[in-house]
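Notes to accompany the following structure.
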Amino acid sequence: MTEVRVPTLGESVSEATVATWFKKVGDTVAQDEMICELETDKVTVEVPSPFAGTLTEIVAAEGETVGVDALLANITEGDAAPAPAAEEKPAATAAPASGGDEAVKIMVPTLGESVTEATVGTWFKKVGDSVTADEMLCELETDKVSVEVPSPATGVITEILAEDGATVAAGGQLGVISGSASAASAAPASAAAPAAAVSSEGAKNAPSAEKLMAENNMSADQVTGTGRDGRVMKEDVQAAIATSASAPITSAPAAPVAAPRAAPAPEQAAREERVKMTRLRQTIARRLKESQNTAAMLTTYNEVDMSEVMALRTEYKDVFLKKHGVKMGFMSFFTKACCHALKEVPEVNAEIDGTDIVYKSYVNMGIAAGTPTGLVVPVIRDADQLSFSDIEKAIAEKGARARDGKLSMAEMQGGSFTISNGGVYGSLMSSPILNPPQSGILGMHTIQKRPVVVNDEIVIRPMMYLALSYDHRIVDGKGAVTFLVRVKEALEDPRRLLMDL
């Protein structure tokens with residue numbers, strides 16, 4: 001009998017809540033297979049099985065609060081794990097004796113830098129289906145990207161170990177394929193499927209796109225692929241559905257999912273589409289709601305005359321680009337101005353940890369960036385020690401990595417303050433939400449020419465509204481207003497940054 005206990009939960013975290021059990025009593029488990037998920041006030045922790053065997057007892061049920069090293073379950077080690085496969089599929093295990101079959105494991109592929117787990121999004125095949133080598137079997141979703149899993153061999157799927165919605169670790173097992181001569185003869189029955197998954201240019205379409213086309217009775221000829229080599233992506237199908245009035249959206253799958261609410265009328269259901277949230281979107285939603293539930297959030301506003309910054313950029317942008325190889329943008333000015341203001345109002349750069357306030361003598365600046373898959377916040381470390389050119393290079397490099405989905409988790413952790421630029425999308429004014437556990441976030445907005453009074457005269461100036469959302473538990477109104485005024489002063493007279501005024 002082997003005990004499964006609560007692992008180390010992280011610095012200063014002493015307890016967690018049992019969120020989900022992926023296995024039930026009597027289920028067989030493989031070594032390192034995820035058996036349950038714990039939630040803390042900071043992170044979600046998955047608990048792997050220490051050995052292969054059978055789950056004989058669950059000590060902590062879903063919803064219970066457990067401490068570090070508390071007993072979660074008991075597992076009986078040994079050969080119990082493979083036994084059900086032998087009982088359920090005697091033909092599959094007997095076949096190797098005749099030398100005709102060979103079991104091939106379907107494994108989770110490399111998920112990307114620092115990505116250790118994924119959620120099984122969709123299986124395109126089921127147990128008993130014949131498959132060909134390199135045919136797409138399922139799609140995995142991580143916090144950053146979607147990963148398609150090809151078949152490692154030609155044969156028949158004899159077992160699926162991780163169903164839709166299950167969480168799997170990098171290198172974990174998804175299923176089993178039995179490769180055999182009979183599989184080769186069965187392959188023609190499914191030959192139409194891989195053929196349909198190939199674009200006119202010969203590139204295989206994304207399985208998610210194939211699935212969506214099948215649901216809407218569409219063929220690849222009706223969709224223009226924007227992927228590599230003309231590959232049809234899911235977004236291409238969605239665009240084709242939106243622009244084609246003759247392309248019906250199947251409402252059948254939506255009916256059971258929509259059971260908690262009143263069933264829509266048929267004509268309404270035909271105009272709706274239900275899509276499962278990606279792991280990234282779920283993470284964003286959870287963290288933003290946690291921020292609202294935890295912090296005493298308040299927002300203060302001001303406006304800044306951008307004339308001096310714009311004039312400085314116009315005068316030196318060509319020389320700056322020639323010397324440093326990067327364009328001079330607004331973000332370096334705002335980053336510098338915020339670092340300058342944080343020195344005077346350090347509580348905006350601090351965080352609350354239990355009953356302690358942690359003040360930081362450095363500025364790790366988070367720069368919020370919108371990507372096709374959602375909002376990410378890469379962190380520029382020790383931004384207060386960097387030059388304008390260093391900041392611009394860091395922003396350009398991390399922005400490109402964010403758009404390509406190549407940011408590591410380490411690059412998005414450890415921020416002490418965040419800047420969010422809604423102005424690039426045309427936002428005139430907004431109240432940004434804190435990025436926990438940070439205590440402050442600055443919202444930039446679009447630059448708009450407006451009449452203002454300067455020296456008792458009405459003049460036209462390029463103006464921008466600034467918004468500082470802050471945690472009122474640690475930052476008082478005086479400190480928040482002072483911070484925003486210092487940012488305003490530094491931007492309206494950038495020379496103050498050079499003289500540290």
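Tabulated results
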{"item": "Subset of the stretch 296-329 [among the basic types (Lys, Arg) and part of a helix (DSSP H, G or I)]", "result": "Arg313, Lys317, Lys322, Lys323"}
{"item": "Selection count where residues are touching a residue at least 60 places away in the same chain (Cβ under 8 Å), closer than 26 Å to Arg401 by Cβ and of a type in the set (A, V, I, L, M), scope the stretch 120-171", "result": "4"}
{"item": "Residues of the stretch 355-406 satisfying the condition of being in contact with a Ser or Thr (Cβ under 8 Å, 6 or more places away or on another chain), surrounded by fewer than 16 Cβ atoms within 10 Å (Cβ to Cβ) and either in a strand (DSSP E or B) or among the hydrophobic types (A, V, I, L, M, F, W, C) (or both)", "result": "none"}
{"item": "Scope the stretch 23-46; condition at pLDDT 85 or above, surrounded by 14 or more Cβ atoms within 10 Å (Cβ to Cβ) and under 13 Å from Leu72 (Cα atoms); matching residues", "result": "Lys23, Ile35, Cys36"}
{"item": "Pairs with Cβ under 7 Å, 6+ apart, first in the stretch 343-359 and aromatic (Phe, Trp, Tyr), second surrounded by 12 or more Cβ atoms within 10 Å (Cβ to Cβ)", "result": "Tyr359/Pro346; Tyr359/Ala350"}
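The values are calculated or read from the model by the stated rules, or taken from the named source; none is laboratory data. Not measured: the values here are computed from a predicted model. Every residue, glycine as well, gets a Cβ built from its backbone with ideal geometry; the counts of neighbours run over all protein chains shown.
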